1. Distance from a point 7 Å along Cα→Cβ of residue 118 to each backbone N in region 21-36: keep the residues under 20 Å and list them by number.
2. Calculate, in nm to one decimal, what residue 84 and residue 59 gain on full extension: separation in residues at 0.36 nm each, minus their alpha carbon distance.
3. Give, rounded to the nearest 20 debye, the magnitude of the charge dipole that region 18-123 has about its Cα centre when Lys and Arg contribute +1 at Cβ and Asp and Glu contribute -1 at Cβ.
4. Lys/Arg Cβ at +1, Asp/Glu Cβ at -1, dipole of region 18-123 taken about the Cα centre: which of 106, 69, 23 is farthest positive-ward?
5. Starting from the Cα of residue 30, draw a straight line to each of the lysines and keep only those under 18 Å, dropping any in the same chain fewer than 8 residues away.
6. Hey, how much of the P(r) for region 18-123 falls beyond 25 Å, as a percent of Cα pairs?
7. What nm distance separates the two modelled labels at residue 73 and residue 27, each placed 7 Å from Cα along Cα→Cβ?
8. Say R0 is 35 Å: what FRET efficiency, to the nearest 0.05, do residue 20 and residue 98 get from their beta-carbon distance?
Amino acid sequence: MKNSDNYGNTEPAGNNTGNSSDATLLLVHKIQLLLSEKRTSLSVLRTGIAVFAVPISVLSVLIATSRYYSPEKVLQFLIPVLILCLVMTILALYLIIRALKRLHHFDKLINDLNKTSADIAGLMT
């Protein structure tokens, strides 16, 4: 079979571009993968910020309406709400810190890959 030699090759059959372009293509694919992981980390960061906004909003409502209730009389409702707000704040901080660490890690990996090829470094300025 004539096409069995080109299994997995995306280049046309008569186009032999050489090892240099294959290495550059592999490097571009690696950078694309890292950029997609970076976008995922940005999504996690956005989620963490949104989760952090919920307890702040709940506490704002509780403070704004505090003159309409006596905290001693509604303590059985207030304590679970405050605990839930604390848990959501901890979760949000975890998501934000994790996303920021991963963003810096992917930036470092992309910069390391850019240093290996002058062609790629010229594109990623």
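1. Answer for this model: 21-28.
2. This chain segment gains 7.9 nm when fully extended.
3. Using only the charged Cβ atoms, the result is roughly 260 debye.
4. Farthest towards the positive end: 69.
5. 38, 108, 115
6. Looking at region 18-123, the distances longer than 25 Å represent 49 percent of pairs.
7. Here the modelled spin labels are 7.2 nm apart.
8. The value I calculate is 0.40.
Throughout, read-outs are computed from the coordinates displayed, never taken from laboratory work. Computed from a prediction, not measured in an experiment: that's the story for all the values here. Please note: Cβ atoms are built from the backbone with ideal geometry, for glycine as well, and neighbour counts cover all protein chains shown.
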